[in-house]
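Participant: Quick one: the structure is below, questions incoming.
The values are calculated or read from the model by the stated rules, or taken from the named source; none is laboratory data. The shown structure was predicted, so the numbers you read here are calculated from the model rather than taken from an experiment. Virtual Cβ from ideal backbone geometry, glycine too; neighbours counted across all protein chains shown. Each accessible area value is taken on the protein alone, full model and side chains, heavy atoms only, with ligands, DNA and RNA left out. Shrake-Rupley method; radii C 1.70, N 1.55, O 1.52, S 1.80 Å.
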Amino acid sequence: MQYVLEIMIPMLEGTAVTLQMFFITIVLSLPLGLLLALARLSRCRPVQSVVGVYIWLLRGTPLMLQLLFVYFALPFVPYIGVKLPDFPAAVLAFVLNYAAYFAEIFRAGIQSIDRGQYEGAKVLGMTYIQTMRRIVLPQVIKRVLPPVSNETITLVKDTSLIYVLAMNDLMRTARALVQRDFSTTPFIVAAVFYLVMTLVLTWGFQKLERRYAAYDE
Amino acid sequence: MEMIKAENIWKSFKNLAVLKGISLTVKRGEVVAIIGPSGSGKSTLLRCLNHLEVVSKGTIAIAGETLVKTGPDGKAQYVHDAEIRRICRKMGMVFQQFNLFPHLTVMQNIMEAPIVVKGMTREEILPEAENLLKKVGLLDKAGSYPCELSGGQKQRVAIARALAMKPEIMLFDEPTSALDPELTGEVLRAMRQLAEEHMTMLVVTHEMGFAREVASRVIFLDQGEIIEEGTPQAVFGNPAQPRTRSFLSSIG
């Protein structure tokens, strides 16, 4: 117990890094995913294809590779090449990757809405944007909550990949402590920390789902 | 005043011609019933009038304003999008499948378009919305979600929702076809009341009783063409065309 208290400060610092990565990624990748989904469903063929290729690339290669690419290879790409510090580089890779997954979730959600909803809105005089904002997307949210919840919980744990950029998140901190102190206790503490974070998320999503359960379709 | 004037409407899906040169005029206050076998193009005709489908060629004018005309190249030429929306707002529509918004309560369903499209405030539209709900006999369901209503109640909400936009014309696309037989009466009553208030109505229906009693004119459509049109007495009592006769006898 004494030992657990001793390692608490570095573990909490690591958790802070993990949570920052998590929140910034979620806040940026959800709206980007929605935009990508709308682009994927646009009537403009080239836009559809570009987004299709983007989603294929980002879902088709390991997130680890994408992280390493953004950090080590992006600086050498002509024209857009930029050298990012480790934290922004990690955020960029995570946002681009998760937006691709969210885009597919949103696309499926939007396509699952009955055509009658668009027609109902249209004959009342609503524009496409009004229809999306007021009629379609609110219903999409209800339908995509379970898969979005899944992805979100996966993200909490995926943030541990940033150890490859030598960033001291919860996982890397625990590993360093294990190696320093020849004790596996930091792993157990880290596991508890992750479990608490995902538990809070699970509760949050349950609450949301219950709120949206007010109506059936 | 001609509320709807359609001339020589053609509509094809791929290579299948669904409407073959339909012309139709509806005057203010008229109740016109469109009858005909399934696949005859009745619903498509209705959906062309408010731009849910685009015509291949032909002219449509709503309350004197041109929505589409045949261009010099022989193809349909629509006015621009904002104009289309403005002109089509003169028409309310009621669907076979209701198309209520499931995530909104009955009251919200009715107030949504006036707020979003007309920019009215909740306070401005609330009394009107309550009146409409009272009129269709559902004021006590204002806070319910559509999933808590019967089919007949849903359709009456859909009628109130359309009326909240103050349309000059109401289009009904088989409004009772998705309902259990014992629920059609309440919907037809609401429509009859609307007709008595001299709303201009165009009704695609299988309810011959309703067409006979409420319509001022009946149009019989078959295979994308108007076969016969006239007063209900004439069309039902003494149809001139053999196709009308065989259709009417087939439905008993």
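Participant: Name every residue in the stretch A:42-67 that is in contact with a helix residue (DSSP H, G or I) (Cβ under 6 Å, 6 or more places away or on another chain) and of a type in the set (A, V, I, L, M, F, W, C), in order of residue number.
Facilitator: Result: A:V47, A:V51, A:I55, A:L58, A:L63, A:M64, A:L67.
Participant: Now for a separate question. If you take the residues of the stretch B:63-95 that are among the β-branched types (V, I, T) and either open to solvent by 40 Å² or more (accessible area, probe 1.4 Å) or within 8 Å of another protein chain (Cβ to nearest Cβ) (or both), which of them is nearest to B:M201 (Cα to Cα)?
Facilitator: Among them, the one singled out is B:T66.
Participant: Next question, about the same structure. Where residues in the stretch B:96-136 are under 24 Å from B:T205 (Cβ atoms) and open to solvent by 50 Å² or more (accessible area, probe 1.4 Å), which of them is farthest from the other protein chains (Cβ to nearest Cβ)?
Facilitator: B:K135
Participant: Give the number of residues within the stretch B:164-192 that are open to solvent by 10 Å² or more (accessible area, probe 1.4 Å), more than 13 Å from B:T205 (Cα to Cα) and under 12 Å from the mean Cα position of the chain (by Cα).
Facilitator: Total meeting the criteria: 2.
Participant: Okay, moving on. Among the residues of the stretch A:100-130, write down those that are within 14 Å of chain B (Cβ to nearest Cβ), assigned to a helix (DSSP H, G or I) and open to solvent by 10 Å² or more (accessible area, probe 1.4 Å).
Facilitator: Passing the criteria: A:R115, A:Q117, A:Y118, A:E119, A:K122, A:V123, A:Y128, A:I129, A:Q130.
Participant: Looking at this structure, is A:L195 open to solvent by 30 Å² or more (accessible area, probe 1.4 Å) and within 14 Å of chain B (Cβ to nearest Cβ)?
Facilitator: Answer is no for this residue.
Participant: Kindly provide the set of residues from the stretch A:163-192 that are open to solvent by 50 Å² or more (accessible area, probe 1.4 Å), outside any helix (DSSP H, G or I) and of a type in the set (A, V, I, L, M, F, W, C), ordered by number.
Facilitator: Selection gives A:A166, A:F182.
Participant: I would also like to ask the following. Do we find that A:V50 is open to solvent by 90 Å² or more (accessible area, probe 1.4 Å) and either β-branched (V, I, T) or part of a helix (DSSP H, G or I) (or both) in this structure?
Facilitator: Against the criterion (open to solvent by 90 Å² or more (accessible area, probe 1.4 Å) and either β-branched (V, I, T) or part of a helix (DSSP H, G or I) (or both)), A:V50 qualifies.
Participant: Restricting attention to the stretch A:134-149, report how many residues are open to solvent by less than 10 Å² (accessible area, probe 1.4 Å) and at the interface with chain B (Cβ under 7 Å from one of its Cβ atoms).
Facilitator: Total satisfying the criteria: 2.
Participant: Within the stretch B:138-153, how many residues are open to solvent by 50 Å² or more (accessible area, probe 1.4 Å) and away from chain A (no Cβ under 12 Å)?
Facilitator: 3
Participant: Among the strands (runs of 3 or more DSSP E) contained in the stretch B:16-129, which hold 3 or more residues that are in contact (Cβ under 8 Å) with a residue 60 or more places away in the chain and touching a strand residue (DSSP E or B) at 6+ places or on another chain (Cβ under 6 Å)?
Facilitator: Output list reads B:16-27, B:31-35, B:91-94.
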